[in-house]
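> Before anything else, here's the structure in question.
The values are calculated or read from the model by the stated rules, or taken from the named source; none is laboratory data. On a predicted model such as this, the values are computed, not experimentally measured, just so you know. Here the Cβ positions follow ideal geometry from the backbone for every residue, glycine too, while neighbour counts run over all protein chains shown.
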């Protein structure tokens, strides 16, 4: 533990954060083992996996699109509202909030304009997943807020950042390559299939 404290920030002195860490790890691990045993959360391809049970027939079902919106919207609102309302005096807090808000906004945008849904979702499963996303997002933001003002790690992290530069540059380069590949693939579809929908774009729906 002493060795780790040389190059990571110490955890914030919060009983809530420690409790949520244990609860999150335990609950998600239990859900994972349940999936392995065949007891699934009822969404996507497993939305009706427990249909043989009498109780499942009385469960409330949502459309796939409505269920996915329920999954992502509370977490997006938590990140977006905290970005607007909470005082932030450090770039790390802004980066974390912005990344979370952008991530869930992307998910919501895809649900509304990109994905097509062929299955329903059980409300109970949607609530469980939505609470998981919301609680993890809120806890990460709160934990980052508590770290503001804490002392920096004793070791200079610049060299670790230099190591990560290559990975970052490779990721950005891959993004541009796949963007070009996607554009070329769309042109190929247009040349091969006369009935290919013109409104389907390569990267940004209805735009590019």
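> Write out, first by first residue and then by second, each pair whose Cβ atoms fall under 9 Å of each other, whose residues are 6+ apart or on separate chains, and whose first residue, in segment 23-37, is under 15 Å from residue 136 (Cα atoms) while the second is modelled with pLDDT under 80 and exposed (fewer than 12 other Cβ atoms within 10 Å of the Cβ).
none
> Are any residues in segment 83-102 in contact (Cβ under 8 Å) with a residue 12 or more places away in the chain and either under 13 Å from the mean Cα position of the chain (by Cα) or loosely packed, with under 15 Cβ neighbours inside 10 Å (or both), and if so, which ones?
86, 89, 90, 92, 96, 97, 98, 100, 101
> Which of the numbered conditions does residue 196 fail, given that it passes all the others? Conditions: (1) in contact (Cβ under 8 Å) with a residue 24 or more places away in the chain; (2) assigned to a loop (DSSP other than H, G, I, E, B); (3) surrounded by 10 or more Cβ atoms within 10 Å (Cβ to Cβ).
Every listed condition holds for residue 196 apart from (1).
> Can you tell me which of 172, 165, 155 is farther than 30 Å from residue 31 by Cα, in contact with a helix residue (DSSP H, G or I) (Cβ under 6 Å, 6 or more places away or on another chain) and surrounded by fewer than 18 Cβ atoms within 10 Å (Cβ to Cβ)?
155
> Applying the selection to segment 103-116, what residues are surrounded by fewer than 16 Cβ atoms within 10 Å (Cβ to Cβ) and over 10 Å from the mean Cα position of the chain (by Cα)?
109, 110, 112, 113, 114, 115, 116
> Report yes if residue 202 is assigned to a loop (DSSP other than H, G, I, E, B) and under 26 Å from the mean Cα position of the chain (by Cα), otherwise no. Lay out the reasoning, then the answer.
Working: assigned to a loop (DSSP other than H, G, I, E, B): yes; under 26 Å from the mean Cα position of the chain (by Cα): yes.
For residue 202, the condition - assigned to a loop (DSSP other than H, G, I, E, B) and under 26 Å from the mean Cα position of the chain (by Cα) - is met.
> From the list 31, 62, 41, exactly one residue is assigned by TED's automatic domain parsing to the domain that holds residue 145 and either within 30 Å of residue 154 (Cβ to Cβ) or modelled with pLDDT of 75 or more (or both). Which is it?
62
> Under 28 Å from residue 61 (Cα atoms) and outside any helix (DSSP H, G or I), is that true of residue 116?
Details: under 28 Å from residue 61 (Cα atoms): yes; outside any helix (DSSP H, G or I): yes.
Here the answer is yes, as residue 116 does meet what is asked.
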